[in-house]
Amino acid sequence: MPELKPDAVERLLNETRDVLTARGDSMRSVLYKELLINALKCRRDNLDVLDLKIINRAIVEFRHASRVFEPYENTRKVSIFGSARVLRDDPYYKMASDLGRLLASQGYMVITGAAEGIMEAGIEGAGPENSFGVGIVLPYERGPAKVFQDDPKLVTFKYFFTRKLFFVMEASAFALFPGGFGTQNEAFEVLVLVQTGKATPKPLLLIDLPDGHYWETWDRFVNQELLNHGYIYPEDRSFYRIVHSPEEVLEWVRYYYSTYHSMRQVGETLVIRLEKEMRDEDLRQLTESFPDIIASGGVLKTSALPQEKDEPDILSKPRIAFAYNKRSAGRLNQMVLEINRLGRSNEA
């Protein structure tokens, strides 16, 4: 970095003073202050230069990617994974392109790794205007696909951990085509994050050709080696669903968010935001069906809590809430599915 001019130094010192002396307890002010203090602590701790490089690069990447995604925060997005080695004449390439096109036609945007194969197909189908590229610097890859090289929504990461965070954090759903170690890594990464409660439940669609067996084979392994040995719970299998067409992907994503909208933990209370009101008898049924994850009381209607005021666009949505004991994200996902089932049955 070039040496800062005196006026730039003065401006930064004034901004730093404003942050450190700001009054009030808004979350934004608190976090600004903590970021500055932690930067100073890095100097005080005399960290290794390599550690400092990693910390700095991670912050730079995260800040840039956040700025890219921020204007589209209210648009649902689907992360598409799959092999970069799939050729254009492969039926999976066409399926991925068809999926991107179908999602974009229904108002969704797609997130891909911006490389070739399945990722390029997804971008071509959705169109660059409806796509995000979350790339990674690798010594043996040629960079982003030509269709997306100069797009402002392309973010290139050095570290996998920051890249994966945006793949998961910004997506409302995940569509996985067959692939190699990277695809398997992404599949298990998503499953681990939702199973451990580090990410809220989201639909994970595993896509095969009508006569394909890639994910069925994978599912047999999960059942025989993970489930049968007690390494996962039966309800954990509710996190994913095997499908055989782009239409099934869209149908399931739309169903998943038909009554359910989103959730947020506020202290010991889990607030579930809805697309439409639920009946009192439905709440009683949820309370009776999921006592194992309700710490006390039952599922009740509520208005937006004060802590949710930082999400003004959804403050008016109906809500239900309960004391969540955080024992099983799989059971929580099953509750989301039941909420949608009840919402659908009420329309019949």
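Look through 127, 135, 180, 197 and report the one residue that is of a type in the set (Gly, Ala, Ser), over 20 Å from the mean Cα position of the chain (by Cα) and over 21 Å from residue 251 (Cα atoms).
Answer to the selection: 180.
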Considering only the range 196-216, I want to know if a residue exists there that is surrounded by fewer than 18 Cβ atoms within 10 Å (Cβ to Cβ), at pLDDT 95 or above and part of a helix (DSSP H, G or I). yes
Within the range 1-34, the residues that are surrounded by 10 or more Cβ atoms within 10 Å (Cβ to Cβ), more than 37 Å from the chain's Cα centre (by Cα) and at pLDDT 85 or above are 8, 9, 10
Give the number of residues within the range 266-310 that are among the acidic types (Asp, Glu) and free of Cβ contacts under 8 Å to residues at least 24 places away in the same chain. 3
Quick one: what pairs do we get from the range 128-148, first residue assigned by TED's automatic domain parsing to the domain that holds residue 65 and surrounded by fewer than 18 Cβ atoms within 10 Å (Cβ to Cβ), second of a type in the set (Ser, Thr, Tyr) and modelled with pLDDT of 70 or more, C-beta under 6 Å, 6+ apart or different chains? none
Filter result for residue 175 (among the small types (Gly, Ala, Ser), part of a helix (DSSP H, G or I), touching a residue at least 40 places away in the same chain (Cβ under 8 Å) and in the same structural domain as residue 84 (by TED's automatic domain parsing)): no
Filter the range 227-251 down to the residues that are under 26 Å from residue 347 (Cα atoms) and surrounded by 17 or more Cβ atoms within 10 Å (Cβ to Cβ) and list them by number. 238, 239, 240, 243, 246, 249, 250
For the range 79-112, enumerate the residues that are free of Cβ contacts under 8 Å to residues at least 40 places away in the same chain, buried (at least 24 other Cβ atoms within 10 Å of the Cβ) and either on the phi > 0 side of the Ramachandran plot or not in a helix (DSSP H, G or I) (or both). 110, 112
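Considering 300, 342, 337, which residue is out of contact with any Cys (no Cβ under 9 Å at 6 or more places or on another chain), of a type outside the set (Gly, Ala, Ser) and farther than 23 Å from residue 240 by Cβ?
300
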Looking only at the range 272-300, how many residues end up being of a type outside the set (Ser, Thr, Tyr) and over 13 Å from residue 339 (Cβ atoms)? 12
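The values are calculated or read from the model by the stated rules, or taken from the named source; none is laboratory data. The structure presented is a predicted model; accordingly, all values stated were derived computationally and were not measured. Here the Cβ is made from the backbone with ideal geometry for all residues, glycine too, and neighbour counts use every protein chain on show.
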